[in-house]
Amino acid sequence: MHFDKSDELRKRAHELIPGGAHPYAKGDDQYPEVAPGFIARGVGAHVWDVDDNEFIEYGAGLRSVVLGHGHTRVVAAVAEAAALGTNFVRPGPLEVDLAERLLELLPAADMVKFAKNGSDVTTAAVKLARAHTGRDLVVMCADQPFFSTDDWFIGATPMDAGIPDAVSSLSLRFRYNDLADLERIFAERPDQIACVVMEAATFLEPAAGFLPAVADLCHAHGALFVLDEMITGFRWDVGGAQAVYGIEPDLSTFGKAIANGFALSALVGRREVMELGGLQTDRPRVFLLSTTHGGETTGLAAGLATLDVYREQDVVGHLKWAGETLRATVSESARELGIEGHFEVLGNPANLIYATRDAAGRPSQSFRTLFLQETIRRGVLAPSFVVNLGHGQDEIERTVDAVRGALEIYGRALEDGVDAHLTSRAVQPVFRRYC
Ligand SMILES: Cc1ncc(COP(=O)(O)O)c(C=O)c1O
C-alpha cells in the first residue's frame, strides 16, 4: 500500500487551504502520517483513495452518509432534480413536499425551515429562542462535543480566538445527566436564560426522567428546550431521539443523515416560535435562515429519496444490528487479548466510538494513532465505528479481522511502549489553542 498521490495532493492542499481540509475533523492532524489523504470515490461502505487503495470506511461524511455512498435511489433523485434546474427566482414544490413528509415524522413540530448546514439551523434556533424570550443567555450541555461553527458555541471552546468575550460570556454550560447543575444555573440567573441546547444523548444514555425534567425546568423558567438532532436524527430513529425518549422539544435541528450526505439541514419547531421568522406575526420579525441555497433542489430531492428508503427498509434496524455485532465482536477480541481496559467501544450502536488508553489507563492519542495506523494497514479506515446501510456481514467480518490484527500490536505496545510501534507523530484533538 502506498500513498504517493495523497502525499502530493497534501502538499498542494496545505498551500491553498488553511488546515488542508474543510472540516477540521478531516484534517491531517486527525490521522497518522501514513494514511489515505484524499478519497476519490465510494460505493456503500467501501472507499478508494486517490492511489486506488480500497478501505472499509466508518463515519462516512462525518456521519452524514447513512445509506452508504452512491445509493442508487438517492443518486437518481438528485440527478433528476439537477436536470430540471436547481434554483429558481421563486420557491420550488420540493420544499413543500419535503416539509410535509418531515413534519409527519415529528409530531412535536408544526413548521420547518431548510438550510444547508447543521451549524446554521442550530444557530437559528438560538436566535429564535432569544427573540421569543427577549433574553440573551444560552445554556448548553458541556459534555457534548459540537453544536455549531458559530461564535455562541466556539466561544466556549479552547479555540476561541477572534470571538469577543461579550459573545462568549452569553453561553453557559451544564453537565449531562446532572439536573441539579442545570437547576443551579437557572436559579442563579432568573429571567435571563433564553434556551437550553443539547443532544438527547451522545455516548451516554440519559438517566431515567432526565430529558423530560430538563424540558420541564426550561418551561418553568420561561426558556425554550432546543434539541440538536444532527447525529441522533435518522440514526436513533427516523423520528429522531425525540421519538425514542418521548420528549417534545420547542425547537429541534436536523442535518447530516437527513439527505445521505447531500447538503440539507432543517430547523423544526412549534408554530408560535417558528412564525417569528414568517409573515404571520405581530411581533418583531426574526431574519430566519434566508439563504441563497436554502431551497436548492438537489439536497431536497436527496432528502425525499432518503425518506423513501427509510419507508421501505428498516434502516435503523440495520444500523443497530451492524453496530451491535461490531461492538460485541471487537469487545470480545479485546477481552481475549487481555486489553479490554485499554481499548473500549462506546455509545449507541448507530454511533459507536472507541476509547484508547495507555498502560496506566489514561486516555491516549498515541494509542489512538497506533490503532488507526494498524487498521489502515489492514484496509479499514475507522476514526469511529459509525456504521451505515452499506456495512453488511462481509464488511463487519473484514473489519473484525483487521481490528483483531491491530489490537494484537496494541497489546504488544502496552508492554514495550507505543513509540516502538508508531511510524509517525500522534494525532491531536481538534479543539486546542495552539498547533
Ligand atoms: C451534534 C452536532 N450539531 C451540529 C453540528 C454542525 O453541523 P454542520 O457541520 O453541518 O454545520 C454537528 C457537526 O458535526 C454536530 O455533530
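Looking at segment 303-361 only, could you name the residues that are within 30 Å of Val75 (Cα to Cα), of a type in the set (A, V, I, L, M) and not in a strand (DSSP E or B)? Talk me through it step by step, then tell me what you get.
Filtering segment 303-361 down to residues within 30 Å of Val75 (Cα to Cα) leaves 303-326, 348-353.
Next, only the ones that are of a type in the set (A, V, I, L, M) stay: 304-305, 307, 309, 315-316, 319, 322, 326, 350, 352-353.
Scanning segment 303-361 gives Leu304, Ala305, Leu307, Val309, Val315, Val316, Leu319, Ala322, Leu326, Ala350.
Applying a threshold of 7 Å to beta carbon distances and a minimum spacing of six or more residues, or different chains, the list of pairs starting in segment 1-30 at a residue that is loosely packed, with under 13 Cβ neighbours inside 10 Å and ending at one that is at pLDDT 95 or above reads His2/Asp51; Asp4/Asp51; Pro23/Leu62.
Taking Val330 as the residue in question, decide whether it is within 19 Å of the chain's Cα centre (by Cα), modelled with pLDDT of 95 or more and either under 24 Å from Arg368 (Cα atoms) or surrounded by 18 or more Cβ atoms within 10 Å (Cβ to Cβ) (or both). So Val330 does not fit the description; no. Would segment 36-44 turn up any residue that is within 16 Å of the ligand (Cβ to nearest atom) and crowded, with 17+ Cβ neighbours inside 10 Å? No, there is no match, as no residue in segment 36-44 is within 16 Å of the ligand (Cβ to nearest atom) and crowded, with 17+ Cβ neighbours inside 10 Å.
Among the residues of segment 229-239, the ones that are assigned to a loop (DSSP other than H, G, I, E, B) and away from the ligand (no atom under 12 Å from the Cβ) come to 4 in all.
Taken residue by residue, segment 169-177 has no member that is surrounded by 18 or more Cβ atoms within 10 Å (Cβ to Cβ), at pLDDT below 95 and either on the phi < 0 side of the Ramachandran plot or within 15 Å of the ligand (Cβ to nearest atom) (or both).
In the list Gly261, Gly295, Gly299, which residue meets the criterion of being within 24 Å of Leu94 (Cβ to Cβ), small (Gly, Ala, Ser) and not in a loop (DSSP other than H, G, I, E, B)?
Values: Gly261 fails: not in a loop (DSSP other than H, G, I, E, B); Gly295 fails: not in a loop (DSSP other than H, G, I, E, B).
From the options Gly261, Gly295, Gly299, the qualifying one is Gly299.
Of the residues in segment 238-254, how many are of a type in the set (D, E, K, R) and farther than 14 Å from Ala125 by Cβ? Write out each step before concluding.
Of segment 238-254, the ones of a type in the set (D, E, K, R) are 248, 250.
Subsequent filtering for residues that are farther than 14 Å from Ala125 by Cβ retains 248.
Going through segment 238-254 one residue at a time, the tally reaches 1.
Being within 16 Å of the ligand (Cβ to nearest atom), among the aliphatic types (A, V, I, L, M) and under 24 Å from Ala180 (Cβ atoms) is true for just one of Val226, Val268. Which residue is that? Walk me through it before giving the result.
Working: Val268 fails: under 24 Å from Ala180 (Cβ atoms).
After applying the criteria, what remains is Val226.
Of all residues in segment 133-150, those that are within 12 Å of the ligand (Cβ to nearest atom) and outside any loop (DSSP other than H, G, I, E, B) total 2. Out of (1) surrounded by fewer than 18 Cβ atoms within 10 Å (Cβ to Cβ); (2) within 22 Å of Arg398 (Cα to Cα), what's the single condition that is false for Arg357? If we test Arg357 against (1) surrounded by fewer than 18 Cβ atoms within 10 Å (Cβ to Cβ); (2) within 22 Å of Arg398 (Cα to Cα), just (2) comes out false.
Residue-by-condition table, conditions (1) among the aromatic types (Phe, Trp, Tyr); (2) more than 16 Å from the ligand (Cβ to nearest atom); (3) surrounded by 20 or more Cβ atoms within 10 Å (Cβ to Cβ); (4) at pLDDT below 95:
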{"position": "Asn87", "(1), (2), (3), (4)": "no, yes, no, no"}
{"position": "Pro93", "(1), (2), (3), (4)": "no, yes, no, no"}
{"position": "Glu104", "(1), (2), (3), (4)": "no, yes, no, no"}
{"position": "Ala109", "(1), (2), (3), (4)": "no, yes, yes, no"}
{"position": "Lys113", "(1), (2), (3), (4)": "no, no, yes, no"}
{"position": "Asn117", "(1), (2), (3), (4)": "no, no, no, no"}
{"position": "Val126", "(1), (2), (3), (4)": "no, no, yes, no"}
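Suppose we filter Asp160, Asp191 for residues that are outside any helix (DSSP H, G or I), at positive phi and more than 12 Å from the ligand (Cβ to nearest atom); which single one remains?
Among Asp160, Asp191, only Asp191 is outside any helix (DSSP H, G or I), at positive phi and more than 12 Å from the ligand (Cβ to nearest atom).
Restricting attention to segment 240-265, the residues that are surrounded by fewer than 20 Cβ atoms within 10 Å (Cβ to Cβ) and within 12 Å of the ligand (Cβ to nearest atom) total 1.
Can you tell me which of Asp216, Asp181 is without any contact (Cβ under 8 Å) to a residue 12 or more places away in the chain, in a helix (DSSP H, G or I), closer than 28 Å to Leu103 by Cβ and acidic (Asp, Glu)?
Just one listed residue meets the conditions, Asp216.
For segment 35-43, the condition of being closer than 20 Å to Thr375 by Cβ, at pLDDT below 95 and of a type in the set (Val, Ile, Thr) holds for none of the residues.
The values are calculated or read from the model by the stated rules, or taken from the named source; none is laboratory data. All values derive from a computational prediction rather than experimental measurement. Reconstructed Cβ throughout: ideal geometry from the backbone, glycine too, with neighbour counts over all protein chains shown.
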